[in-house]
Amino acid sequence: MLKLHVKARSPAYPGSASEVKRQTVLDELVPWSVPFADYSPPFYVDASVAAEPCWADRASDLVAGRIKFNAIDTTGAKPINRVSLEGPYELAASGMPMNPRGRTGLRGRGLMGKFGPNHAADPIVTRSLVNDDGVLVLEVVLIRRKDTGEWALPGGMVENGDTVGRTLEKEFGEEALNSLEGLSKGAKKALANIFAVHGQVVYAGYMDDHRNTDNAWIETTAVHFHDPTGNELFGQIPLHAGDDAGEVAWVPVTAGMELYADHAELLAKVCAGLRLPVY
């Protein structure tokens, strides 16, 4: 049985310009297979998406049936991965995809650029070191998001035509290092080696994100990168918050951490020693 999304049903939709409130959806009414005669959620598309920037789908393409769902869509200038990590998803009578985890209380794309799955990549970068009390602890790089104020992994969206692997390294550089340009050649080489050799996929699938709607949702590939030398390599790489991050820091991993979306659960998988194929 699929896990019910909770944050994707939060009453107030995120975004300072939005006063949109979701229709309440009780747990038992989340699955599409359960009848909900009074289900009539509001429709919302953020102005930043409605302006149709290069990273967003065109509404006219949806209406004309030019978007190829459940496939690698090659109709545009760059291929777009519209395949869900959750498996094939259904389309509504309107032609819009239906969230594979069920109702959210809001139709439209909201803050999402793509109809259907919006693919992200989350690097989980950790190191082990002995603290002042002589205890071996695991630390992870986290950023404080400017939009919600929550601590989160320094991930981001996979751009059209890009790969998950490239996005992982790029987003870590942009969110946690501000830029890769300030690093020495040795530090750059060490970082590249970590991302090329030492990554392990810990999760690939749906994320319970506040931005999700009935017709657009976040899916991520989370990859764990651990400093195999303890702190010898990562210790020489300075952290600098990027434009989308208020802060960035090495944070001790502890039980009960409260993080953005499902990020605490991703860290729990790392701590449990889950071992999946090397990415």
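Throughout, read-outs are computed from the coordinates displayed, never taken from laboratory work. Computed from a prediction, not measured in an experiment: that's the story for all the values here. Heads up, the Cβs are rebuilt from the backbone with ideal geometry, glycines too, and the neighbour counts pull from every protein chain shown.
Computed quantities for the displayed model
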| item | result |
| --- | --- |
| Total formal charge among the other residues, if their Cβ is under 14 angstrom from that of residue 90, Lys/Arg +1 and Asp/Glu -1 | +1 |
| 9 Å beta-carbon shell around residue 80, net charge (K/R +1, D/E -1) | +2 |
| Mean Cβ count within 10 Å, highest first, over the residues of peptides 38-50, 247-259 | 38-50, 247-259 |
| Karplus 3J(HN,Hα) series, Hz, for the stretch 144-156 with 6.51 cos²θ - 1.76 cosθ + 1.60 (x for Gly, Pro) | 9, 5, 6, 6, 10, x, 8, 6, 8, 6, x, x, x |
| Sequence-distant residues sharing a close amide H with residue 208 (under 5 Å, placed H) | 262 |
| Nearby lysines by direct alpha-carbon distance to residue 7 (threshold 24 angstrom, same-chain neighbours under 8 apart not counted) | 21, 114, 146, 269 |
| Cβ-based net charge around residue 49, under 11 Å, with every Lys or Arg adding one and every Asp or Glu removing one | +1 |
| All lysines inside 27 Å of residue 185 as judged from Cα atoms, apart from same-chain residues fewer than 8 positions distant | 170 |
| Mean separation of Cα contacts under 8 Å, 6 or more apart, over the residue count of the chain: relative contact order % | 22 percent |
| Residue with peak Gaussian network fluctuation, the chain [Cα springs, cutoff 10 Å], from 114, 269, 185 | 185 |
| Residue-averaged 222 nm ellipticity for the chain, from DSSP H runs of 4+ at -39500 (n - 2.57), nearest 500 | -4500 deg cm²/dmol |
| Protection proxy ranking, peptides 135-147, 75-87, average beta carbon neighbours within 10 Å, highest first | 135-147, 75-87 |
| Nitroxide proxy distance, nm - points 7 Å out along Cα→Cβ at residue 94 and residue 138 | 4.2 nm |
| Sequence-distant residues sharing a close amide H with residue 226 (under 5 Å, placed H) | 126 |
